[in-house]
Each structure stands twice: as C-alpha cells, then as structure tokens.
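Chemist: The structure that follows is given in the form of structure tokens.
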C-alpha cells in the first residue's frame, strides 16, 4: 500500500525538477490571467459552439470532471473561494492539495530528493474513485 516514496537525486536532476515545476506554475498563472477560451476564440473564431473549450461538453452536453477549472483557478487566486466552488465544486480542495504537493516537491528538490510514485491496482482504484467523485460533483453542482 506504499505508493509514494522518496529517492535521493543528483543536484542537476533536482535543478531540472525545480525548473519544470516553476514553468508549470508560470503556465498555470498565465492561463488564469488570459482565459484559454478567449485566446482560442480570438485566433479561431467560431471553433466552439458553446461558451466552453471543453470538447466533451460541446459534443455530449455533459461536463468533464475539470470543466470550469480555468475560471475557478482565477477566482481561487483572487481568494474568492465561493465563486471558485461555483465554477467547479471540487476546485478549492483540488487547488489546495496541488499547491501543498508542489510546495513539497519544491522543498524536497533543494534537499536533493524526489517523489517516486508506484502505481498498483489499489492506487489506480483510488485515483479512479477520486476522479469519478470530482466528475459527479461537477455534473450535479457545477456551473455550466
């Protein structure tokens, strides 16, 4: 049942981990400031029928587990948690967990350690249940 462990890394690998993490966070902040759907509609007018860049929502009418996350992230950054939850009910928990996880990875990289994930059936089942829970919350309570 031990699916996360720590492994010692070289200083070079730790530097790469920090660089990738910082680039990912920067990209997330840019997409929160410049909403991706607005940019896509600017360059490809009429690409989406609905007011959403989610392919699943546009094709089936059913939101995916992460529908509304861009808008929810923008509201989360403004510390408006109720509006963040309005766009995606699981967003506050998701962003808080992600932030703590990223901070932990960043601190461990300075100590030349990294997380190693070991996937087995139990781990896969936990992730599937978590994803289904997020999806059900978004379908029933999310703003579309």
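Chemist: Only one residue in 90, 84 is crowded, with 16+ Cβ neighbours inside 10 Å, out of contact with any strand residue (DSSP E or B) (no Cβ under 8 Å at 6 or more places or on another chain), free of Cβ contacts under 8 Å to residues at least 40 places away in the same chain and under 18 Å from residue 28 (Cβ atoms), so which one is that?
Modeler: Testing whether each residue is crowded, with 16+ Cβ neighbours inside 10 Å, out of contact with any strand residue (DSSP E or B) (no Cβ under 8 Å at 6 or more places or on another chain), free of Cβ contacts under 8 Å to residues at least 40 places away in the same chain and under 18 Å from residue 28 (Cβ atoms) leaves just 84.
Chemist: Right, here's the next one. Please indicate, with yes or no, whether at least one residue in the range 99-116 is within 30 Å of residue 10 (Cα to Cα), at pLDDT below 90 and not in a helix (DSSP H, G or I).
Modeler: The answer is yes; a qualifying residue exists.
Chemist: Scan (1) at pLDDT 85 or above; (2) part of a loop (DSSP other than H, G, I, E, B); (3) within 13 Å of the chain's Cα centre (by Cα) for the single condition residue 79 breaks and write down its number.
Modeler: (3)
The values are calculated or read from the model by the stated rules, or taken from the named source; none is laboratory data. All figures in this text were calculated on a predicted structure; none of them were measured in a lab. All Cβ positions, glycine included, derive from the backbone under ideal geometry; neighbour counts span all protein chains shown.
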